[in-house]
Amino acid sequence: LQPTEAAAEGWAETILSRLGPVAEYNAKCTPGYYNNELGANTSFVPRNAIFAGPPDEFLHILREWRENHGEERDLEITTQA
């Protein structure tokens, strides 16, 4: 079970659109692992980021995805012989 490439890119865009507050917090936070000791993180990949919106927003996104048959549109199911 894997997401389609389009679905993965769409989710990465969703994640990126909500990272502003997280990036701002990390810039002001004590230097450490999660903010790369306050240095630039050149290896950042959106797929490694968390959903930074509120839980009710995430649940709304998930509910809407299910209501619009997202499973059929956005997932690829393969089996091994």
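The values are calculated or read from the model by the stated rules, or taken from the named source; none is laboratory data. This is a predicted model, so every value here is computed, not measured. Quick reminder, even Gly has a Cβ in these numbers, built from the backbone with ideal geometry, and neighbours come from all protein chains shown. Please note that ligands, DNA and RNA were not included when accessible areas were found on the heavy atoms of the full protein model with its side chains. Shrake-Rupley method; radii C 1.70, N 1.55, O 1.52, S 1.80 Å.
Modelled this way, with points 7 Å down the Cα-to-C-beta line, the labels at Thr79 and Glu24 are 5.1 nm from one another.
With all protein chains in place and ligands, DNA and RNA left out, the 1.4 Å accessible area ranks Leu19, Leu62 as Leu62, Leu19, largest first. When Tyr25, Tyr33 are compared by accessible area at a 1.4 angstrom probe, the order from most to least is Tyr33, Tyr25.
Using a probe of 1.4 Å, the accessible surface attributed to Glu76 totals some 100 Å² when neighbouring protein chains are kept in position.
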